[in-house]
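Shown next, in structure tokens, is the structure this report addresses.
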Amino acid sequence: METDLERLALRHGIRPGAAEAVGAAATRLGTTPRMLRYRESLGLVAPARSGGGYRTYGERDLLAAACAADLEERYGVPPAAVALALRAVHEPEVRDEIALLGRLARRRPAGTAEPAAASRRKPRAGRTDRQTVAGRTDGEPGRTAALDFETRKARALLRLAS
């Protein structure tokens with residue numbers, strides 16, 4: 001983990017003892033002040049405040065914002081998903097409710113095979129074998145594929161959080 005932080009620090013030029021205003025921090029991280037404030041509202045960063053009430057981003061805040069942005073990019077998720085994964089790490093109730101949802105939705109961990117019977121579903125009446133529930137041909141992703149993709153992203157974030 002330490003090498004990941006060192007890599008982020010080098011990539012963004014974050015140095016020990018850094019203390020930057022929101023505009024300078026955003027420029028350093030390649031984002032906008034608005035996005036930094038949004039990440040703060042989600043609890044992903046917690047910059048100190050100056051005597052005048054201005055945000056001051058220290059080394060830890062800059063690394064947290066860079067880490068959050070890196071996770072968002074690598075896993076293709078919005079900042080709110082990273083914030084939920086972070087809550088699941090720190091709040092057992094949230095973690096338990098997400099686990100319950102996973103069981104209710106009958107989602108399996110990545111890498112496990114689906115039972116053979118479920119993979120040989122019969123097409124609904126009036127549909128051909130080449131149509132999905134969304135009415136598209138097999139070569140085009142339907143709504144189910146989008147949900148599966150989102151589920152895989154959520155699982156990846158939960159694995160990171162644990």
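Couple of notes before you dig in:
So that you can scan it fast, the table gives a plain yes or no per residue for (1) of a type in the set (D, E, K, R); (2) under 30 Å from residue 46 (Cα atoms); (3) at pLDDT 55 or above; (4) surrounded by 10 or more Cβ atoms within 10 Å (Cβ to Cβ):
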residue	(1), (2), (3), (4)
90	no, yes, yes, yes
104	no, no, yes, no
116	no, no, no, no
141	no, no, no, yes
150	yes, yes, yes, yes
156	no, yes, yes, yes
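Conditions tested, residue by residue: (1) surrounded by 18 or more Cβ atoms within 10 Å (Cβ to Cβ); (2) closer than 18 Å to residue 4 by Cα.
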{"site": "19", "(1), (2)": "no, no"}
{"site": "34", "(1), (2)": "no, no"}
{"site": "38", "(1), (2)": "no, no"}
{"site": "47", "(1), (2)": "yes, no"}
{"site": "51", "(1), (2)": "no, no"}
{"site": "59", "(1), (2)": "no, yes"}
{"site": "69", "(1), (2)": "yes, yes"}
{"site": "73", "(1), (2)": "no, yes"}
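- Those helices (runs of 4 or more DSSP H) lying entirely in region 1-85 with at least 2 residues within 22 Å of residue 156 (Cβ to Cβ) and in contact (Cβ under 8 Å) with a residue 24 or more places away in the chain: 2-12, 33-42, 59-75
The values are calculated or read from the model by the stated rules, or taken from the named source; none is laboratory data. On a predicted model such as this, the values are computed, not experimentally measured, just so you know. Backbone-built Cβ (ideal geometry, glycine too); neighbour counts: all protein chains shown.
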